[in-house]
Amino acid sequence: MVAMKELVIISKDRVGLLADISDALGKVKVNIESVSADVVGSNAVIKLVVSDEKKGKIALQKVGFKPVAGDTLVLTLDDRPGELSRIARLLSVEGVNMTNVYMLGKEDGKSLVAVKVDKMAKAKKILREYL
(Lines give C-alpha, C1' and ligand atoms only; values in the text may rest on other atoms or scores of the structure.)
Protein backbone atom coordinates (compact mmCIF):
# COMPACT_ATOMS: atom_id res chain seq x y z
CA MET A 1 0.00 0.00 0.00
CA VAL A 2 1.33 3.39 -0.96
CA ALA A 3 0.01 6.87 -0.32
CA MET A 4 0.10 9.29 -3.22
CA LYS A 5 -0.97 12.83 -3.86
CA GLU A 6 -3.84 13.46 -6.22
CA LEU A 7 -4.52 16.82 -7.83
CA VAL A 8 -8.17 17.68 -8.33
CA ILE A 9 -9.30 20.49 -10.60
CA ILE A 10 -12.91 21.66 -10.79
CA SER A 11 -13.46 24.00 -13.69
CA LYS A 12 -16.19 25.16 -16.02
CA ASP A 13 -16.33 22.53 -18.75
CA ARG A 14 -15.17 23.67 -22.17
CA VAL A 15 -13.60 22.38 -25.33
CA GLY A 16 -9.82 22.12 -24.90
CA LEU A 17 -9.82 21.98 -21.09
CA LEU A 18 -7.89 18.72 -20.83
CA ALA A 19 -5.54 19.90 -23.58
CA ASP A 20 -4.73 23.03 -21.58
CA ILE A 21 -4.16 21.05 -18.38
CA SER A 22 -1.94 18.44 -19.99
CA ASP A 23 -0.04 21.11 -21.94
CA ALA A 24 0.77 23.03 -18.73
CA LEU A 25 2.10 19.86 -17.13
CA GLY A 26 4.03 18.78 -20.21
CA LYS A 27 5.82 22.12 -20.47
CA VAL A 28 7.37 21.59 -17.03
CA LYS A 29 8.08 17.88 -17.68
CA VAL A 30 5.50 16.59 -15.19
CA ASN A 31 4.14 13.24 -16.33
CA ILE A 32 0.48 12.28 -15.86
CA GLU A 33 0.44 8.86 -14.19
CA SER A 34 -3.35 8.61 -14.00
CA VAL A 35 -6.26 10.79 -15.07
CA SER A 36 -9.98 10.70 -14.46
CA ALA A 37 -12.29 13.33 -15.93
CA ASP A 38 -16.05 13.74 -15.53
CA VAL A 39 -18.53 16.44 -16.37
CA VAL A 40 -21.14 17.20 -13.71
CA GLY A 41 -23.65 19.77 -14.91
CA SER A 42 -21.55 22.52 -16.45
CA ASN A 43 -18.41 21.71 -14.46
CA ALA A 44 -15.55 19.35 -15.19
CA VAL A 45 -13.95 17.41 -12.35
CA ILE A 46 -10.45 16.27 -13.28
CA LYS A 47 -8.38 14.05 -11.01
CA LEU A 48 -4.70 13.66 -11.75
CA VAL A 49 -1.89 11.64 -10.30
CA VAL A 50 1.33 13.17 -11.57
CA SER A 51 5.04 12.44 -11.30
CA ASP A 52 5.73 15.61 -9.30
CA GLU A 53 2.71 16.91 -7.40
CA LYS A 54 4.29 20.17 -6.18
CA LYS A 55 5.73 21.13 -9.58
CA GLY A 56 2.47 20.15 -11.29
CA LYS A 57 0.36 22.18 -8.88
CA ILE A 58 2.49 25.29 -9.45
CA ALA A 59 2.37 24.86 -13.23
CA LEU A 60 -1.42 24.54 -13.18
CA GLN A 61 -1.79 27.57 -10.92
CA LYS A 62 0.37 29.65 -13.28
CA VAL A 63 -2.12 29.08 -16.11
CA GLY A 64 -5.15 29.91 -13.96
CA PHE A 65 -6.31 26.59 -12.51
CA LYS A 66 -6.89 26.03 -8.80
CA PRO A 67 -5.80 22.45 -8.16
CA VAL A 68 -6.36 20.94 -4.74
CA ALA A 69 -3.97 18.24 -3.54
CA GLY A 70 -5.19 15.36 -1.43
CA ASP A 71 -3.88 12.05 -0.15
CA THR A 72 -4.96 8.86 -1.85
CA LEU A 73 -4.08 5.27 -1.00
CA VAL A 74 -2.87 2.94 -3.72
CA LEU A 75 -3.88 -0.62 -2.94
CA THR A 76 -2.57 -3.74 -4.64
CA LEU A 77 -5.41 -6.25 -4.75
CA ASP A 78 -5.72 -9.70 -6.26
CA ASP A 79 -7.49 -9.33 -9.59
CA ARG A 80 -10.53 -11.44 -8.79
CA PRO A 81 -14.20 -10.90 -7.97
CA GLY A 82 -14.92 -9.65 -4.45
CA GLU A 83 -11.58 -8.03 -3.62
CA LEU A 84 -12.86 -4.46 -3.73
CA SER A 85 -15.87 -5.55 -1.70
CA ARG A 86 -13.52 -7.00 0.96
CA ILE A 87 -11.64 -3.71 1.28
CA ALA A 88 -14.82 -1.61 1.24
CA ARG A 89 -16.36 -3.78 3.96
CA LEU A 90 -13.23 -3.60 6.17
CA LEU A 91 -13.33 0.19 5.99
CA SER A 92 -17.09 0.56 6.44
CA VAL A 93 -17.19 -1.69 9.52
CA GLU A 94 -14.65 0.67 11.13
CA GLY A 95 -16.56 3.82 10.11
CA VAL A 96 -14.18 4.89 7.33
CA ASN A 97 -15.94 6.34 4.29
CA MET A 98 -14.49 5.77 0.81
CA THR A 99 -15.00 9.12 -0.91
CA ASN A 100 -13.45 8.11 -4.25
CA VAL A 101 -12.13 4.95 -5.86
CA TYR A 102 -10.74 4.20 -9.29
CA MET A 103 -8.64 1.63 -11.08
CA LEU A 104 -5.07 2.62 -11.91
CA GLY A 105 -4.20 -0.55 -13.79
CA LYS A 106 -3.85 -4.33 -13.85
CA GLU A 107 -0.78 -6.50 -14.19
CA ASP A 108 0.24 -10.07 -13.36
CA GLY A 109 -3.01 -10.98 -11.62
CA LYS A 110 -3.01 -7.83 -9.50
CA SER A 111 -5.10 -4.66 -9.63
CA LEU A 112 -3.84 -1.26 -8.54
CA VAL A 113 -6.71 0.71 -7.05
CA ALA A 114 -6.64 4.32 -5.84
CA VAL A 115 -8.85 4.93 -2.81
CA LYS A 116 -9.59 8.24 -1.14
CA VAL A 117 -11.01 8.08 2.37
CA ASP A 118 -12.25 10.47 5.03
CA LYS A 119 -9.99 9.04 7.77
CA MET A 120 -6.58 8.39 6.22
CA ALA A 121 -4.64 7.32 9.34
CA LYS A 122 -7.36 4.89 10.38
CA ALA A 123 -7.61 3.45 6.85
CA LYS A 124 -3.85 2.88 6.68
CA LYS A 125 -4.00 0.98 9.97
CA ILE A 126 -7.00 -1.12 8.90
CA LEU A 127 -5.58 -2.06 5.51
CA ARG A 128 -1.92 -2.49 6.52
CA GLU A 129 -2.20 -6.09 7.68
CA TYR A 130 -4.26 -7.25 4.68
CA LEU A 131 -1.92 -6.06 1.93
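What number, in percent, do you get for the relative contact order of segment 1-127 if the mean sequence gap of Cα pairs under 8 Å and at least 6 apart is divided by its residue count? Before the final figure, lay out each step's value.
Working: 214 pairs, mean separation 32.1, N = 127.
Answer for segment 1-127 is 25 percent.
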Taking R0 as 35 Å, what's the FRET efficiency between Arg128 and Val15 from their Cβ-Cβ distance, rounded to 0.05? 0.20
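Which of the three applies to segment 8-79, rounded, prolate or oblate, going by the alpha-carbon gyration tensor with a ≥ b ≥ c and a/c under 1.5 meaning rounded? Intermediate values should be presented prior to the final figure.
Values: a/c = 1.88, a/b = 1.22, b/c = 1.55.
It comes out oblate by the Cα gyration axes.
Within 10 Å, Cβ to Cβ, of Val49, how many net charges do the neighbouring residues add up to if Lys/Arg are +1 and Asp/Glu are -1? Provide the component values of the computation, followed by the final result.
Details: positive: Lys5, Lys47; negative: Glu6, Glu33, Glu53.
That sum, taken over residues with Cβ under 10 Å, equals -1.
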Loop-only check: which trypsin sites (Lys or Arg not before Pro) in segment 26-58 are DSSP coil with at most 11 other Cβ within 10 angstrom? Lys29
How large, in percent, is the carbon and sulfur part of the accessible surface of segment 71-126 at a probe radius of 1.4 Å? 51 percent
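Nothing charged except the Cβ atoms of Lys and Arg (+1) and of Asp and Glu (-1): what's the magnitude of the dipole of the chain about its Cα centre? Round to the nearest 20 debye.
Numbers: 22 positive and 17 negative charges, 90 e Å.
Computed charge dipole of the chain: roughly 440 debye.
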Over the C-alpha atoms of the chain, what are the Rg and the largest Cα-to-Cα span, Dmax, in Å? 15.9, 45
Cut-off 10 angstrom, C-alpha nodes, Gaussian network model of the chain. Which of Asp78, Asp13, Asp108 fluctuates the most? Asp108
In degrees from 0 to 90, rounded to the nearest 10, what is the angle of the helix 83-93 Cα long axis to the longest principal axis of the chain? 80 degrees
Within segment 4-19, name every residue whose backbone N is under 16 Å away from a label modeled 7 Å from Cα of Val39 along the Cβ vector. 10-19
Which residues in segment 24-59 place their backbone N less than 16 Å from a point set 7 Å from the Cα of Asp118 along the Cα-to-Cβ direction? none
Cα-Cα over 28 Å, subset of Lys55/Lys119; Lys62/Lys124; Lys29/Lys125; Lys66/Lys116; Lys27/Lys124: Lys62/Lys124; Lys29/Lys125; Lys27/Lys124
If you average the sequence gap of Cα pairs under 8 Å that are 6 or more apart and divide by the length of segment 29-102, what percent do you get for the contact order? 18 percent
Under a Cβ-Cβ cut-off of 14 Å, what is the net charge of the residues other than Val117 that fall near it, where Lys and Arg count +1 and Asp and Glu count -1? +3
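The values are calculated or read from the model by the stated rules, or taken from the named source; none is laboratory data. What you are looking at is a predicted structure, and each value in this text was computed from that prediction instead of being measured. Glycine also receives a Cβ, built like all others from the backbone with ideal geometry; neighbour counts cover every protein chain displayed. We work out accessible area using only protein heavy atoms, side chains counted, and drop any ligands, DNA or RNA first. Shrake-Rupley method; radii C 1.70, N 1.55, O 1.52, S 1.80 Å.
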